[in-house]
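All remarks here apply to the structure that follows.
The values are calculated or read from the model by the stated rules, or taken from the named source; none is laboratory data. Remember, it's a predicted structure, so these values are computed and weren't measured experimentally. Cβ atoms come from the backbone with ideal geometry, glycine included; neighbour counts cover every protein chain shown. For accessibility, only protein heavy atoms count, side chains too; no ligands or nucleic acids. Shrake-Rupley method; radii C 1.70, N 1.55, O 1.52, S 1.80 Å.
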Amino acid sequence: MNRDHKHGHKHGHNQGQGQGHSHSHTHTHDDDFDWDAMADLLVLEGEAHGPYVQQAIAELQRLTAHGERTPRRILDIGSGPGVAACRLAAAFPVAEVTAVDGSGQLLARAGQRAARLGVGLRTRQAEFPSGLAELAELGAADIIWSGQVVHHVGDQQGALHALADLLAPGGVLAIVEGGLPARSLPRDLGFGRPDLFARLDVAMTHRFARMRAELPGSVAVVEDWPGLLRTAGLTEVHSRTFLVEHPAPLADGPRQLVRGTLERSRQSLGDFLDAEDLATLDRLLDPADPACIDRRADAYLLLAKTVHFGRRP
Ligand SMILES: C[S@@+](CC[C@H](N)C(=O)[O-])C[C@H]1O[C@@H](n2cnc3c(N)ncnc32)[C@H](O)[C@@H]1O
């Protein structure tokens, strides 16, 4: 992840929402995780991944249906542009839902989205993990959702402890971690070498390892998410995996997501792919090429997301 290691975010995320200046911090892999630049991709992903979030929310509704009170306070930690946060707000209309993120720009997007959809959503800027404890002043949370965020924090176990501390007794934490990587094209494309996606997976694992190693306060831990939730003091821990499936031919939104993901692979995996695979990506991304992702009838999107749930006793 491209992080300003002192301040967490690269583009003034420690300022008021959307008002930030750019830090002049330099870093080797500068374009890897510029969250602001990824806003559109995060929205496309959030929308295409909607079916898994809806199923996870249904599980949260089930888990909180028999508590002493209906959920009143919900936090989405690392909300990005707020696609899931708006779904939570729609599903729990009585609750006060707060989208929390380090990026003021992404929170501004979340606020605009909520206004457009007519759901109630608050936003709060905070760096993780340093700013987590301060979220206690919002009041104990009945539900905390954190999608694809904990792995961006150096001390993952520490982050889970901090999140568990924010829960009311009986409150539920849901984190999205793990699952299976996406597939979106045939194994053999008819050009380049077959199995491009298998090599993209390997390249991603290398980049992920580098990202984790470079995070401030990085702690190596067995990434046994249910075990980590139990160590954080949570009970009734369980995991559910949901399929996200958009068959061919792809609609515009998922197709743009597949294009954006390939572009991102091209930009960020250069250190880990050979020239032939990079040339294949170039062809897939070239609008003038008949093999371009924009026009392929065989493109699809298939992946699995795992959500781990735990309850504060
Ligand atoms: C992969 S995106 C996930 C967005 C959304 N939850 C989803 O599932 O699509 C990670 C988000 O976490 C935020 N984030 C990552 N590391 C952070 C940190 N250390 N402090 C605050 N926010 C952070 C980023 O700004 C980004 O919006």
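Things to note:
- Long-range amide H partners of L167 with built H, under 5 Å: A141
- Residues whose amide H falls under 5 Å from that of D34, counting only those 5 or more places apart or on a different chain, are N2, with hydrogens built in the peptide plane.
- Nearest-10 value in Å² for the accessible area of T70, using the 1.4 Å probe: 90
- Between T235 and E134, the simple label model (points 7 Å from Cα in the Cβ direction) yields a spacing of 3.4 nm.
- For the chain, with +1 on Lys and Arg beta carbons and -1 on Asp and Glu, the positive-most of A90, L135, G46 along the dipole: A90
- One decimal place: the segment V222-R183 gains 11.4 nm when fully extended, by the rule 0.36 nm per residue minus the C-alpha distance.
- Modelled spin labels at V94 and T205, positioned 7 Å past Cα toward Cβ, are 4.7 nm from each other.
- Long-range amide H partners of V244 with built H, under 5 Å: L303, A304, K305
- Cα gyration tensor, the stretch 224-301 - rounded (a/c under 1.5), prolate or oblate: oblate
- Placing R0 at 35 angstrom, the Cβ-Cβ distance between T70 and E245 gives a FRET efficiency of 0.65 after rounding to 0.05.
- Cβ-Cβ FRET estimate between D298 and D252, R0 fixed at 22 Å, reported to 0.05: 0.85
- Scalar couplings 3J(HN,Hα) for the stretch 254-265, obtained by applying the Karplus form with A = 6.51, B = -1.76, C = 1.60 to θ = phi - 60°, are x, 5, 5, 5, 4, 4, x, 5, 5, 4, 5, 4 Hz; x denotes Gly and Pro.
- Degrees separating the helix 156-165 axis from the principal Cα axis of the chain, which is the longest one: 30
- Three-way shape call for the stretch 145-282 based on the alpha-carbon gyration tensor, with the a/c threshold at 1.5: prolate
- Three principal axis lengths of the chain [C-alpha, angstrom, descending]: 59, 42, 40
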